[in-house]
Amino acid sequence: MDAIFSLLALLFAAPALSVRQFPAVQPGTVATPTSFGFDDLLQRLERAVQANGLMVIAKPSASRNAAGRGIQISGNAVILAFNNDFALRLLQASVPAGFEAPMRLYVTENPDRTATVTYRTATALFAPYDTPDLAPLAGDLDQLFAKIVTEATRS
C-alpha cells in the first residue's frame, strides 16, 4: 500500500499546471481561475455548496495526505457534492447514470499560489446515457453548479 501512495505522490509532485495548460479533455469541462489561494477557495466552495442546498459528501486531498507524510506537492482537493433530492431524481431517470453522483469540484493550486476550480457539467456527465429524462435534471444541476462557482469566486 505504501508503494501505491509513493507512486501517487510522485505523480502529483509534478509542477502544477497553469490554467492555460489545464487540459479540458472532456466535453463540458469548466475551469475557473481565481485570485484566491488554495485553502481560501476550498473553504469558499464548501460554504457555497452548503448555502445552495447540497451536502459536501467528501473532500479528498492528495496534497494534504502527502503533507501528512512530509511530502510537499501543489494543493489539490476534490469536493464531492450532491443531495438526496437530486439523487432520487437521477435514479428515477436512469439507474446507470447514478454512477455520476456525487458531482465533483476539483480545486488546484496554480504556480503563482492562486487556485482554480474545475468541474464537468451535468449535461456532459449525463450525455453518454442518452436518456431524455436526464435533461431537466442536468439543466438544474448545471445552473446550480455555475451558481456555486460564481458565488465562491466572487471577490
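The values are calculated or read from the model by the stated rules, or taken from the named source; none is laboratory data. Here the structure is a predicted model, which is why all the values come from computation and not from measurement. Cβ sites come from the backbone with ideal geometry, for glycine too, and all protein chains shown count toward neighbours.
General observations
- Any hit, the stretch 3-21, residues being under 21 Å from Asp142 (Cα atoms) and either crowded, with 16+ Cβ neighbours inside 10 Å or at pLDDT 95 or above (or both): no
- Selected residue [farther than 19 Å from Pro33 by Cα, among the β-branched types (Val, Ile, Thr) and in a loop (DSSP other than H, G, I, E, B)] from Ile57, Ile71: Ile71
- A count restricted to the stretch 116-125 and to residues that are in a helix (DSSP H, G or I) and crowded, with 23+ Cβ neighbours inside 10 Å stands at 2.
- Residue among Ile71, Ile57 that alone is in contact with a Pro (Cβ under 6 Å, 6 or more places away or on another chain) and either of a type outside the set (Gly, Ala, Ser) or within 22 Å of Thr121 (Cα to Cα) (or both): Ile57
- Being of a type outside the set (Phe, Trp, Tyr) and free of Cβ contacts under 8 Å to residues at least 40 places away in the same chain is a property that does not hold for Ala66.
- Test: residue in the stretch 94-102 that is at pLDDT 95 or above, exposed (fewer than 13 other Cβ atoms within 10 Å of the Cβ), part of a helix (DSSP H, G or I) and among the aliphatic types (A, V, I, L, M): no
- Hey, Thr150 in a strand (DSSP E or B) and within 20 Å of Thr34 (Cα to Cα) or not: no
- In the stretch 53-68, the residues that are modelled with pLDDT of 95 or more and either of a type in the set (Lys, Arg) or more than 22 Å from Asn110 (Cβ to Cβ) (or both): Gly53, Leu54, Met55, Val56, Ile57, Ala58, Lys59
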